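Participant: One structure coming up, written as structure tokens, with questions to follow.
Taken together, the values in this text are just the output of simple stated rules run on the coordinates, not laboratory data. Every value quoted in this text rests on a predicted model; they were computed, and no experiment measured them. Heads up, the Cβs are rebuilt from the backbone with ideal geometry, glycines too, and the neighbour counts pull from every protein chain shown.
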Amino acid sequence: REMELDLKVALENDQLELFYQPFVDAGRNTVSGFEALLRWRHPVKGMISPAVFVPLAEETGLIEQIGTWCLQTACRQAAEWPSGMTISVNLSPVQFRSPTLLSDIDSALAQSGIEPKRLQIEVTESLFLDESDNILAILQAFRKRGLTISMDDFGTGYSSLGYLSRFPFDKIKIDQSFVRDLSRPENIAIVRSVISLSRALKMNVMAEGIETHEQMQILYDEGCREMQGYFFSKPRPGAELAQMTAEIG
Ligand code: G
Ligand code: G
Ligand code: NA
Ligand code: MN
């Protein structure tokens with residue numbers, strides 16, 4: 001419970017920070033956008049991973065305020081980038097239970113002035129463990145505003161494939177666990193199937209967790225163009241974005 005108190009203080013005292021990791025068009029070597037990834041700069045413990053504190057924030061309900069802060073900060077940051085660049089924000093399933101989610105998104109867009117189509121929302125399969133009518137209505141409301149919706153960590157959750165046809169996704173992100181070991185024929189087969197599935201469903205596809213040139217090449221040869229991973233860049237602070245774009249482009 002000590003960390004819970006700390007997290008409240010963190011939000012109030014500007015200890016939370018967004019890092020940004022580029023989405024790269026591997027054919028052209030250009031940056032098409034960035035994913036916002038939350039960090040906690042703890043005054044004593046140093047940098048704490050969201051894998052540690054997001055679950056706590058979800059349990060305590062603090063994720064609502066933290067999520068709102070993320071949306072506002074990410075959109076404000078994106079307003080400083082070239083107008084073609086996307087900003088992708090991760091949403092927790094808990095945020096979908098918040099009655100103010102849509103108005104929070106509208107405020108973040110209005111305050112930053114960015115076009116709605118530049119905002120991408122990332123959700124994971126765990127979203128579909130909840131009551132699905134409400135989820136569908138919210139995702140459709142995102143679409144109506146012009147946002148894009150991305151299926152993150154695809155293939156690692158408990159959901160059936162059916163939700164891909166029932167819910168309005170624009171993009172599938174191939175999970176890094178499949179990319180990590182492409183020397184296994186099983187993983188190549190999975191990657192190939194997901195790319196083919198995305199085409200059949202008229203969705204974009206992206207691979208995450210690319211760490212080596214070889215992984216990049218294999219995915220490229222399989223027809224994947226949009227990629228993300230340490231090979232291109234680690235997530236870095238907002239102040240380093242121009243530098244990051246210059247290094248890749
Ligand atoms: O960036 P990193 O690999 O440390 O992220 C660890 C986990 O935390 C990932 O599952 C990522 O999706 C999640 N995460 C990162 N930033 C956010 C955020 O802003 N909101 C939510 N809900 N999850 C996030
Ligand atoms: O769950 P989600 O896909 O949002 O989480 C992304 C997480 O993966 C972030 O914590 C990010 O820091 C991490 N990540 C991004 N690229 C790479 C990579 O190339 N290798 C590894 N091991 N982790 C990565
Ligand atoms: Na993500
Ligand atoms: Mn992911």
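Participant: I'm told Ser150 meets every condition in (1) over 22 Å from Gln228 (Cα atoms); (2) under 15 Å from the mean Cα position of the chain (by Cα) except one. Can you identify the failing condition by its number?
Facilitator: (1)
Participant: Continuing with the same structure: For region 130-164, enumerate the residues that are of a type in the set (Phe, Trp, Tyr) and either within 16 Å of ligand 1 (Cβ to nearest atom) or without any contact (Cβ under 8 Å) to a residue 12 or more places away in the chain (or both).
Facilitator: Within region 130-164, Phe142, Phe154, Tyr158 qualify.
Participant: Turning to a different aspect of this structure: Identify the residue in region 165-182 that is aromatic (Phe, Trp, Tyr) and under 27 Å from Ala137 (Cβ atoms) and, among all such residues, is nearest to ligand 1 (Cβ to nearest atom).
Facilitator: Phe169
Participant: Which condition number in (1) under 27 Å from Leu109 (Cα atoms); (2) within 13 Å of ligand 1 (Cβ to nearest atom); (3) touching a Phe, Trp or Tyr at 6+ places or on another chain (Cβ under 6 Å) is the one that Pro55 fails?
Facilitator: Single failed check for Pro55: (3).
Participant: While we're looking at this one, here's another question. Return a yes/no flag: does region 20-41 have any residue that is basic (Lys, Arg) and either within 16 Å of ligand 3 (Cβ to nearest atom) or within 17 Å of the chain's Cα centre (by Cα) (or both).
Facilitator: Checked against the condition, which is being basic (Lys, Arg) and either within 16 Å of ligand 3 (Cβ to nearest atom) or within 17 Å of the chain's Cα centre (by Cα) (or both), region 20-41 yields at least one hit.
Participant: Within region 18-59, how many residues turn out to be in a helix (DSSP H, G or I) and surrounded by 15 or more Cβ atoms within 10 Å (Cβ to Cβ)? Quick ask: steps written out before the conclusion?
Facilitator: First, the residues of region 18-59 that are in a helix (DSSP H, G or I): 50-59.
Now drop any that are not surrounded by 15 or more Cβ atoms within 10 Å (Cβ to Cβ), which leaves 50, 53-54, 56-58.
Result for region 18-59: 6.
Participant: Further, regarding this structure: Could you list, in sequence order, all residues of region 204-242 that are more than 14 Å from ligand 2 (Cβ to nearest atom) and either without any contact (Cβ under 8 Å) to a residue 40 or more places away in the chain or among the β-branched types (Val, Ile, Thr) (or both)? Step through it out loud before you land on a result.
Facilitator: As a first pass, look at region 204-242 and keep what is more than 14 Å from ligand 2 (Cβ to nearest atom): 204-205, 217-218, 220-225, 238-242.
Answer for region 204-242, where residues must be more than 14 Å from ligand 2 (Cβ to nearest atom) and either without any contact (Cβ under 8 Å) to a residue 40 or more places away in the chain or among the β-branched types (Val, Ile, Thr) (or both): Asn204, Val205, Gln217, Ile218, Asp221, Glu222, Gly223, Ala239, Glu240, Ala242.
Participant: May I pose another question? Could you check region 17-31 and list, in sequence order, the residues that are under 20 Å from Asp221 (Cβ atoms) and not aliphatic (A, V, I, L, M)?
Facilitator: Matches in region 17-31: Phe23, Asp25, Gly27, Arg28, Asn29, Thr30.
Participant: Has region 1-11 got at least one residue that is surrounded by fewer than 20 Cβ atoms within 10 Å (Cβ to Cβ) and within 16 Å of ligand 4 (Cβ to nearest atom)?
Facilitator: Taking every residue of region 1-11 in turn, none turns out to be surrounded by fewer than 20 Cβ atoms within 10 Å (Cβ to Cβ) and within 16 Å of ligand 4 (Cβ to nearest atom).
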